[in-house]
Amino acid sequence: MAEIDNLIDCLINLKRQRHFRAFWRNQDQASFDMVRGRVGIESLWSPAMTDLKKRNI
């Protein structure tokens, strides 16, 4: 549990420093941000990438 707590503390600290642009709740949000260039680096979240390929983007 200590490792998980340390990881969460680290991520919260990075979020407070505005390190992350967005956290996606579903593939529509992920695709929306990717298509509109709102993110420079994104995770290769499989459902979102599949959605973009369907749209030929």
Filter the range 1-39 for residues that are among the charged types (D, E, K, R) and open to solvent by less than 80 Å² (accessible area, probe 1.4 Å) and give the result. D33
Would you kindly identify the helices (runs of 4 or more DSSP H) lying entirely within the chain that contain at least 3 residues that are out of contact with any Ser or Thr (no Cβ under 8 Å at 6 or more places or on another chain) and at pLDDT 80 or above? 2-16, 27-35
Output for Cβ contacts, cut-off 6 Å, separation at least six or different chains, first residue closer than 28 Å to T50 by Cβ in the range 4-29, second open to solvent by less than 80 Å² (accessible area, probe 1.4 Å) and outside any helix (DSSP H, G or I), reads R21/V39
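The values are calculated or read from the model by the stated rules, or taken from the named source; none is laboratory data. As the structure is a computational prediction, the values presented were derived from the model and not from experiment. Cβ sites come from the backbone with ideal geometry, for glycine too, and all protein chains shown count toward neighbours. Heavy atoms of the whole protein, side chains included, go into the accessibility calculation; ligands, DNA and RNA do not. Shrake-Rupley method; radii C 1.70, N 1.55, O 1.52, S 1.80 Å.
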